[in-house]
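Take a look at the structure set out below.
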Amino acid sequence: MERIIFEIPLKNGSTARIYQGAFGSGEHVTTKACVKHLENMELSGKTMLDVGCGTGILGICASLLGVGSAVGYDVSFDACRTALQCNELNGITNNHIICGFETCIKGSFDIIFANIYYDILLAISDFIYGSLNEGGLLVVSGVPIEEHYDIRKHYMRYGLEVLDLQIHEDYCTVLFSKGRLAH
């Protein structure tokens, strides 16, 4: 049986190709919002973390857009296997996939994406904040509209500044910065 491949055209003319098999085909509004943020960021030489990477779509798009290196992790073995296959499909070698929880991740990052459930965003907020470099950018997505005030308030308690809030039909996407903006 042939696997479905989703194609995500990027503004730099490249196209990310993603196998079906985990969350992150590029069709969901929250994934589209995250990709749009990636397209508007300066990625050259930056490090990126994708929390709950699913198919690895955000790391792959970031790699195709010029990020220095990306790390994606997910608790699902099947998602991580799909992410590795998607890396291979795109010829990506700088999107490193780790199967496990946040305790498997060491270091800090210039950019963090977390397109995951609201309750997980709250539960691992100390990890996310502690993993974000000064001047770094954080994108949280997948937040139900009715929870967007609470998630913004929660992350602002860390001193993060809201740079952008996008309200979609059922979800929202928030872009935060930590301290001075990264250039």
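The values are calculated or read from the model by the stated rules, or taken from the named source; none is laboratory data. Just so it is clear, the model here is predicted, and its values are computed rather than measured. All Cβ positions, even for glycine, are placed from backbone atoms using ideal geometry, and neighbour counts span all protein chains on display. What goes into the accessible areas is simple: the full protein's heavy atoms, side chains included, and nothing from ligands, DNA or RNA. Shrake-Rupley method; radii C 1.70, N 1.55, O 1.52, S 1.80 Å.
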**Message:** Can you give me the solvent accessible area of residue 172 with a 1.4 Å probe, rounded to the nearest 10 Å²?
**Reply:** 0
**Item:** Farthest toward positive dipole pole in segment 91-178 [+1 Lys/Arg, -1 Asp/Glu at C-beta], among 165, 142, 99
**Value:** 99
**Prompt:** How long is the gain from residue 40 to residue 156 if the chain were fully straight, where each residue apart is worth 0.36 nm and the alpha carbon distance is subtracted?
**Reply:** 39.5 nm
**Complete:** Sorted list, accessible surface of protein heavy atoms, 1.4 Å probe, largest first, for 84, 122 is 84, 122
**Item:** residue 147/residue 2 FRET efficiency (R0 41 Å; Cβ-Cβ; nearest 0.05)
**Value:** 0.60
**Message:** How much of the DSSP bridge set in segment 34-176 is antiparallel, in percent, rounded to the nearest 5?
**Reply:** 40
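Do the sum for the chain: with -39,500 (n - 2.57) for every DSSP H run of n ≥ 4, divided by all residues, what is the mean residue ellipticity at 222 nm, to the nearest 500 deg cm²/dmol?
The helix contribution divided over the chain gives -8500 deg cm²/dmol.
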**Message:** Need one value: the accessible area of residue 170 in square angstrom, 1.4 angstrom probe, rounded to the nearest 10.
**Reply:** 90
**Request:** Could you bin all the Cα-Cα distances of the chain into 10 Å bins starting at 0 and give me the percent of pairs in each, rounded to whole numbers?
**Result:** 10, 42, 38, 10, 1, 0
**Prompt:** For residue 164 and residue 108 in one chain, what is 0.36 nm times their gap in residues minus the Cα-Cα distance, to one decimal in nm?
**Reply:** 17.9 nm
**Message:** Could you put 41, 156 in order of accessible surface area, largest first, with the 1.4 Å probe and the full protein assembly present?
**Reply:** 156, 41
**Request:** Calculate what fraction, in whole %, of the accessible area of segment 117-183 sits on carbon and sulfur atoms when a 1.4 Å probe is rolled over the protein chains.
**Result:** 51
**Request:** At 7 Å along the Cα-to-beta-carbon direction for both residue 27 and residue 75, put a label point, then send me their distance in nm to one decimal.
**Result:** 2.6
**Message:** Could you compute how much accessible surface residue 101 exposes when probed at 1.4 Å, giving the result in Å² to the nearest 10?
**Reply:** 130
**Request:** Taking the Cα centre of the chain as origin, sum charge times position over the Cβ atoms of Lys and Arg (+1) and Asp and Glu (-1), and report the length of that vector in debye to the nearest 20.
**Result:** 420
**Request:** Tell me, for the chain, which Cys residues have no other cysteine's C-beta sitting closer than 4.7 Å.
**Result:** 34, 53, 61, 86, 104, 172
**Request:** List the relative contact order of the chain as a percent without decimals, with contacts defined as Cα pairs under 8 Å and 6+ residues apart.
**Result:** 18
**Message:** Along the charge dipole of segment 1-131, pointing to its positive end and built from +1/-1 on Cβ of Lys, Arg, Asp and Glu, which listed residue (28, 63, 113) has its Cα farthest out?
**Reply:** 63
**Among 66, 91, 21: highest mean-square fluctuation, GNM of the chain, C-alpha pairs under 10 Å** = 91
**Prompt:** Which far-off residues, 5 or more places away or on another chain, put their amide H under 5 Å from the one on residue 109, with H placed in the peptide plane?
**Reply:** 132, 133
**Prompt:** Can you give the direction-averaged projected area of the convex hull of the alpha-carbon atoms in segment 60-113, in nm²?
**Reply:** 3.7
**Request:** Roll a 1.4 Å probe over the protein chains and send me the accessible area per residue for the chain in Å².
**Result:** 47
